[in-house]
1. When the range B:72-108 is examined, which residues are found to be within 13 Å of chain A (Cβ to nearest Cβ) and among the β-branched types (Val, Ile, Thr)?
2. Residues of the range A:13-30 being buried (at least 18 other Cβ atoms within 10 Å of the Cβ) and of a type in the set (Gly, Ala, Ser), which ones?
3. Within the group A:113, A:137, which residue is modelled with pLDDT of 80 or more and buried (at least 17 other Cβ atoms within 10 Å of the Cβ)?
4. Condition test on residue A:225, is it out of contact with any Pro (no Cβ under 8 Å at 6 or more places or on another chain), outside any helix (DSSP H, G or I) and assigned by TED's automatic domain parsing to the domain that holds residue A:35?
5. Considering only residues that are of a type in the set (Gly, Ala, Ser) and over 20 Å from residue B:194 (Cα atoms), which ones fall in the range B:11-55?
6. Could you check the range A:116-134 and list, in sequence order, the residues that are outside any loop (DSSP other than H, G, I, E, B) and in contact (Cβ under 8 Å) with a residue 12 or more places away in the chain?
7. What do you reckon, is residue A:46 modelled with pLDDT under 85, surrounded by fewer than 18 Cβ atoms within 10 Å (Cβ to Cβ) and closer than 30 Å to residue A:152 by Cα?
8. Kindly check whether there is at least one residue in the range A:240-251 that is under 18 Å from residue A:166 (Cα atoms) and part of a helix (DSSP H, G or I).
Amino acid sequence: MREVLFSLQGHPARFLVSVLTISLSLLLLGAFLCLTLNLKLALQELRAKVEVEAFLRDGVTPSQMEELVQRVKGIEGVKEVIPVTKEEALLDLQAEFGKEFTADLGTNPLPPSLRIKLRKGWRTKGAVQSVATRVGSLKGVEDVEYGGKWLERLDRFVFHLLLLDIILGVVIGLSTFMSVSNVVGRSFLDRYREVEVMELVGATRKFIRRPFLYEGFFQGLLGGGMGAGFLYLLFLLLSPRLPSGAMLPPQVLGFQLGLGLVFGGLGGRFSFGW
Amino acid sequence: MEILSFERVSYSYPEGIDALKEVSFGLKKGELLTLVGPNGSGKTTLLKLIYMELFPTRGRVWVDGYSSQKIRPREIPKLRRRLGIVPQNGLLLEERDVFENVALAMRAVGGKGIKGRVWEVLGQTGLSSRARSLPHQLSGGEAKRVAIARALCNQPILLLADEPTGGIDPQGAEGVLSLLRRINEQGAAILLATQDEEVAQRLGGRTLRIAEGMIV
């Protein structure tokens, strides 16, 4: 630690520029990660609302409807089945849009239906589709609807965002590595005479490398810590304008610190080649 | 008992320059040996072969149980801890004071009781009053004595000194030589390389002459 402080005192500006570079890069990555995780959480909430609606043939009898309910309950992934008669469907519509909305209708055009809720883990696009297909093949079911399209779009969007995060993570990891190895490498050159003396008196390479490794760790940790601090401040500043429920997961801050530490250490370790 | 031996050692630099040719000699425990030769005769190369910064292209160097043919890279620091090396340029760190320059050598090998030992060698080399001076504040002779103090602090069995009197005034040179004689009297073997014949005569002990990479 004494040697690290010695180097820091020697070139504070160089050290500060490196730490700032790392912190700003990690702030960018943290912000993207935060956005991705928030979208993922929102998606999970939306998924919980995903259900399949099966419209039944007009004139289905209560006993046929009950039989259908039992058969749908037997399908894998189905959590709950709520039967909705023609009359209940009309009441629902009136509750939502007002009685006058249906006043001009002579007869009730709405079909009876089954609202099918799915188990956790069965709310992805593929799983919903498979349940919907099986329900649709049952005798007495005329049509099946589910929010397939928007689910698919949302899935794809989050996947692309995650991909972007990974690419950004690699690029920022490399830039942290290069920034640290450049700064530590220069401090190695500054201290070349010292290294020479240590080699002459019989210091092991491990011992000689240690201060440079610590310097890299220190820079990475400080850069990561500052990046996490900036992200936290940014979140506090923007939180009144963000949608309710938006959060800054502590894992993101931990990830920034960890990435700074790991790539800082690697930069320090490989700053002088051996 | 020999602590150092050169057996028909030759060394050629990668550029093809033959620095040493078939050199053979030995050094006993506690012995004082001066290697005299002009610039470029191979003295520094010979010293580097002893602390195994270089390895013979032919022949074998044997130092205190370590053979140049068998030593593993991780054993080299162990060998160097048995030696005290005073390089030609002194190699003092300009931004550290005398005390810190000497202490670094002990810290680098994880030495214990650093403070006490550093004050002891500074006393032994007559540098106690200069402990807080920076290298540029020292005379040439004092700077050489700091390099010797640094080489001494890990209690070497063999001290290698490359031109320890080079570039300093006669009074300073005499101080360095009398210090080396005292160190030798206390039991450490010394191999001193110089181009000055007079240094060998004033120091005493055995003299080897080297010219164009050969012992003559």
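The values are calculated or read from the model by the stated rules, or taken from the named source; none is laboratory data. The shown structure was predicted, so the numbers you read here are calculated from the model rather than taken from an experiment. Virtual Cβ from ideal backbone geometry, glycine too; neighbours counted across all protein chains shown.
1. B:76, B:85, B:86, B:102
2. Pass one, the range A:13-30, residues buried (at least 18 other Cβ atoms within 10 Å of the Cβ): A:15, A:18-19, A:21-23, A:25-27, A:29-30.
Within the range A:13-30, A:18, A:23, A:25, A:30 qualify.
3. Numbers: A:137 fails: buried (at least 17 other Cβ atoms within 10 Å of the Cβ).
Answer to the check: A:113.
4. On the way: out of contact with any Pro (no Cβ under 8 Å at 6 or more places or on another chain): yes; outside any helix (DSSP H, G or I): no; assigned by TED's automatic domain parsing to the domain that holds residue A:35: yes.
No: the conditions fail for residue A:225.
5. At the first step, the residues of the range B:11-55 found to be of a type in the set (Gly, Ala, Ser) are B:12, B:16, B:19, B:24, B:26, B:30, B:37, B:40-42.
Of everything in the range B:11-55, those that are of a type in the set (Gly, Ala, Ser) and over 20 Å from residue B:194 (Cα atoms) turn out to be B:12, B:16.
6. Step one: filter the range A:116-134 for residues outside any loop (DSSP other than H, G, I, E, B), giving A:116-118, A:125-134.
Within the range A:116-134, A:116, A:117, A:118, A:125, A:127, A:128, A:129, A:130, A:131, A:132, A:134 meet the criteria.
7. On the way: modelled with pLDDT under 85: yes; surrounded by fewer than 18 Cβ atoms within 10 Å (Cβ to Cβ): yes; closer than 30 Å to residue A:152 by Cα: yes.
Against the criterion (modelled with pLDDT under 85, surrounded by fewer than 18 Cβ atoms within 10 Å (Cβ to Cβ) and closer than 30 Å to residue A:152 by Cα), residue A:46 qualifies.
8. Kept after step one, since they are under 18 Å from residue A:166 (Cα atoms), are these residues of the range A:240-251: A:249, A:251.
Cutting the leftovers down to part of a helix (DSSP H, G or I) gives us A:251.
Checking the range A:240-251: at least one residue is under 18 Å from residue A:166 (Cα atoms) and part of a helix (DSSP H, G or I).
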